[in-house]
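For reference, the structure is listed below as structure tokens.
The values are calculated or read from the model by the stated rules, or taken from the named source; none is laboratory data. From a predicted model like this one, the values you see are computed outputs, not experimental measurements. Ideal geometry is used to build each Cβ from the backbone, glycine not excepted, and the neighbour counts take in all protein chains shown. Quick note on the areas: whole protein, heavy atoms, side chains included, nothing else; ligands and nucleic acids left out. Shrake-Rupley method; radii C 1.70, N 1.55, O 1.52, S 1.80 Å.
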Amino acid sequence: MQYAEKITLCEVGPRDGLQNEAKLLTAEEKTELIEQMIGAGFKVIEVGSFVSPKAVPQMANTDDVFLTLGQREGVQLRALIANERGVDRAVACGCSKVKLNVSASKAHNLANLNRTPQESVAGFKACVEKAEANGIEVSGSISMAFGSPWDRKIPVEDVKDIVRAYLAVGVTEISLSDASGMAYPSKVYEMCTQMKREFPKVTWWLHFHNTRGLGVANILAGMRAGVTRFDTSFAGVGGCPFVPGAAGNVSTEDVVHMCDEMNIETGIDLDRAMGISRRVVELVGHPTDSYLLRAGKSKDLILELPKGQLRNQVKAK
């Protein structure tokens, strides 16, 4: 099996993970976690989002976190935005990269915004221009790219049309997101293969939720298609509030552990990543969807040979 020799992970826990938690973390607690992530080797971190604090109170202190962290050499600290106001906040607190997002669901977009997804992306032009004028990089995301609870199947041509719309406003780094948890490996491989072939100048990211236990398998499928950039979340926190039964994002430590076992380089210290995730569990106050926090690393599993086990089984018969 041929997979990547090296991949890049973006830790999205501070944004996509914590925005779904009932407990609101302080700016100091978030900064502590992000400082530890940088120390563990993460080169891309999604710190938070510049959106309405009334709509997403968990992200209200994102500006303070950026101001405390400042610029870090060799580390990309990014944030999600929804409009030009988000760019203004990014400028004010020194954020150097922002991400825009649109749903691939035409029905959902029309019902909520009375626009198609392509029309929504066309409306991002002012955001992109303002960001670029202030030296801020811009990336884009397409959520529900692999399926939607409102449309079920999303035609791949619809996703391609959204990609073209992003390119038309100058965005060449794009994430395909499975917020609904409906992706499966063969679909991921097929879509990513087509996207890379048709849009060779795009820098691709993949973002999977582990709603139906296929998150890691989908990452492997993405690797087989030649994608090397993936979002993950510490301790597997997160989820989509619009999808019934949604689980969290793919656990960072689960993915790093898999890559370590497969000799795929991530540049991330697994033991330190696990320590961060344990701290996250303490902070949110409940168990999370992380296999590694439950079972530990495979390399640490060294047990004494059982004595009398076979003899006891024979007696039981």
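The order of the peptides 14-22, 76-84 by mean Cβ neighbours within 10 Å, most packed first, is 14-22, 76-84.
Just one of [x] 0.98; [y] 1.04; [z] 1.44 is Cα Rg over 2.2 N^0.38 Å calculated from these coordinates, so which is it? Among [x] 0.98; [y] 1.04; [z] 1.44, the one derived from this structure is [y]. Using only side-chain charges placed at the Cβ, +1 for Lys and Arg and -1 for Asp and Glu, the dipole size of the stretch 21-131 relative to its Cα centre rounds to 480 debye. Need the list of lysines near LYS130 for cross-linking: C-alpha distance under 20 angstrom, and skip anything on the same chain fewer than eight residues off. Output for LYS130: LYS97, LYS99. Based on the Cβ-Cβ distance of LEU24 and ARG212, what FRET efficiency does E = 1/(1 + (r/R0)^6) give at R0 = 41 Å, to the nearest 0.05? Between LEU24 and ARG212 the formula returns 0.90. Ranking ALA126, PRO155, ILE142 by how far each Cα lies toward the positive end of the dipole of the stretch 113-179 (charges on Cβ) leaves PRO155 at the top.
Relative to the longest principal axis of the C-alpha atoms of the chain, give the angle of the C-alpha long axis of helix 84-93, reported between 0 and 90° and rounded to the nearest 10°. Long axis of 84-93 versus the principal axis of the chain: about 70 degrees. Relative to the current alpha-carbon distance between GLU137 and LYS201, full extension at 0.36 nm per residue lengthens the span by 21.4 nm.
If you roll a 1.4 angstrom probe over the protein chains with everything in place, what fraction of the accessible area of the stretch 130-170 belongs to carbon and sulfur, to the nearest %? Carbon and sulfur: 47 percent of the exposed surface of the stretch 130-170. Restricting attention to the stretch 1-85, close to 10% of DSSP beta bridges with both partner residues there are antiparallel. Can you give the FRET efficiency to the nearest 0.05 for THR193 and ASN263, using r as the Cβ-Cβ distance and R₀ = 35 Å? FRET efficiency, THR193 to ASN263: 0.90. Based on protein heavy atoms only, the chain ends up with 47 Å² per residue of surface accessible to a 1.4 Å probe. A straight chain from LEU110 to LYS125 at 0.36 nm per residue would run longer than the Cα-Cα distance by 3.5 nm. Structural descriptor for the chain: relative contact order 19 percent, calculated from alpha carbon pairs under 8 angstrom and at least 6 residues apart. Dipole size of the stretch 161-200 about its Cα centre, with +1 on Lys/Arg Cβ and -1 on Asp/Glu Cβ: approximately 80 debye, rounded to the nearest 20.
A straight line joining the Cα centroids of the stretch 23-80 and the stretch 113-192 runs 23 Å.
Helix 156-168 and the longest principal axis of the Cα set of the chain meet at an angle near 50°.
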